[in-house]
C-alpha cells in the first residue's frame, strides 16, 4: 500500500487531503502542532479503514521531521510527501514596513526551510518508491504582489523555487507546487479577520491535488482552479460522448 506524509493535517486543506487520500486507499502519517486537534483528524481518517500514524510536533524541529519519516518507514516507505504546514509571519497580516523580522523568519522556517528539511529526510525513501512524489502547497501570494502578504508570499515564492529545482535535480520524482487559491480556512481568517466574504471550503479544493497524485502529470507549478476546470471540461466531454452513443 502507498504511504503519504501530510503536514499541517489537523484541519483545513491538510485534513481534507488526508481524508481524500485515505478514501483512495493510501496509508498515512499525519503531522500538526496541536495534538488534540490532530487526533480528531486521525479519527476521521481511520474511519476509512486505512493505516494511519498521527505524530504531533513542529515541522521546524529536525527531530520531529525524522520521527515523521521513521513512522512512514514503519508503514512501508514514503511514496508521497505533502508539505502543507504554513505560518503567516504576522496575524493579522501587516505591511512590510510593520512586519516583524522575527515573523518573517518564522514564515520562512515553517513554509520553506522545514519543507526542504523534510524532503531531505525522506529523499532516500522517495527515490526508492516507484511513484515518489512531493507536493508543495503554494499560494497565489507567491506570484502576485498583494498588499500585506509580502512576508508570507516571499516564503511561498521561495518554496516554489525549491520545488522547481528539486524537480530538475531529482528527475525520477514528481514534484508539484500547487496554488490552492482562496479557501475558508483558519489561516485565512487569521490573516484577514475583517474579510467575511464567502470562500470555497478546502473539501472542494482537495480533488485538484488528488487528481495530480492519481494522474502524475509532469513536475511543475499548478493551480487548483485550472486542474478543477480541466476536470469539469473532461467530464462534460465524456457526458456528451455518452449521450451521442446512446442516441
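Below, the figures for the structure above:
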{"item": "Some residue of region 101-115 being part of a helix (DSSP H, G or I), more than 17 Å from the chain's Cα centre (by Cα) and buried (at least 21 other Cβ atoms within 10 Å of the Cβ)", "result": "no"}
{"item": "Helices (runs of 4 or more DSSP H) (entirely within region 148-233) containing at least 2 residues that are touching a helix residue (DSSP H, G or I) at 6+ places or on another chain (Cβ under 6 Å), more than 21 Å from residue 111 (Cα to Cα) and touching a residue at least 12 places away in the same chain (Cβ under 8 Å)", "result": "202-215"}
{"item": "Number of positions in region 131-147 that are surrounded by fewer than 21 Cβ atoms within 10 Å (Cβ to Cβ) and part of a loop (DSSP other than H, G, I, E, B)", "result": "6"}
{"item": "Criterion (touching a strand residue (DSSP E or B) at 6+ places or on another chain (Cβ under 6 Å), at pLDDT 95 or above, surrounded by fewer than 19 Cβ atoms within 10 Å (Cβ to Cβ) and closer than 25 Å to residue 177 by Cα) met by exactly one of 91, 67", "result": "67"}
{"item": "Residue among 9, 22, 18, 54 that alone is assigned to a strand (DSSP E or B), within 19 Å of residue 202 (Cβ to Cβ) and either in contact with a helix residue (DSSP H, G or I) (Cβ under 6 Å, 6 or more places away or on another chain) or touching a residue at least 40 places away in the same chain (Cβ under 8 Å) (or both)", "result": "54"}
{"item": "Test result for residue 159, within 15 Å of the chain's Cα centre (by Cα), at pLDDT 95 or above and within 26 Å of residue 114 (Cα to Cα)", "result": "yes"}
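Residue by residue, here is whether (1) modelled with pLDDT of 90 or more; (2) under 26 Å from residue 165 (Cα atoms); (3) surrounded by 10 or more Cβ atoms within 10 Å (Cβ to Cβ) holds:
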| residue | (1), (2), (3) |
| --- | --- |
| 185 | yes, no, yes |
| 199 | yes, no, yes |
| 236 | no, no, yes |
| 244 | no, no, no |
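The values are calculated or read from the model by the stated rules, or taken from the named source; none is laboratory data. Quantities reported herein were computed from a predicted structural model and do not represent experimental measurements. Neighbour counts are summed over all protein chains in view; Cβ atoms, including those assigned to glycine, are modelled from backbone coordinates with ideal geometry.
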